[in-house]
Amino acid sequence: MHSRVFSLASQFTLIFYNNIHPYYCGIDLHARSLYVCIIDQQGETLVHKEISANPKQLQNLLEPYIGSVVVGVECRHCWYWVADLCEEINVDLDMTILDCYAKELSKIDMSMDGRY
């Protein structure tokens, strides 16, 4: 079984997102809230806050960075609307880094308000 999985995996070429952006946004996605972290190229935290899981609130938060930011979202059952919003407002969303990127940028949970 393992050799079959490896065989299937080796048939695909992984393409990694390697564009450079002035800003990077990680979103830890929950059903009713988002924890959003935006950092610059130097790793300085510019935004670090919890907002409602609402497209308009996320758009307002991303607006100053549109055209200069890439977004990574934790890959959960409810991330599709974030992808739709990013496409709508012309913000890059990298599907190859959704889970690991978002987790690294926004290692936050309900009981901790700090950057990991």
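Read the figures in this text as sums done on the coordinates, not as results from a lab. As the structure is a computational prediction, the values presented were derived from the model and not from experiment. Note that we place each Cβ from the backbone using ideal geometry, even for glycine, and neighbour counts take in every protein chain shown.
Quick one: net charge around S52, please, counting Lys, Arg +1 and Asp, Glu -1 for every other residue with C-beta under 15 Å from its C-beta. The answer is +1.
Backbone amide hydrogens, once placed in the peptide plane, bring D94 within less than 5 Å of V71, excluding anything fewer than 5 places away on its chain.
Between N19 and D84, the simple label model (points 7 Å from Cα in the Cβ direction) yields a spacing of 2.3 nm.
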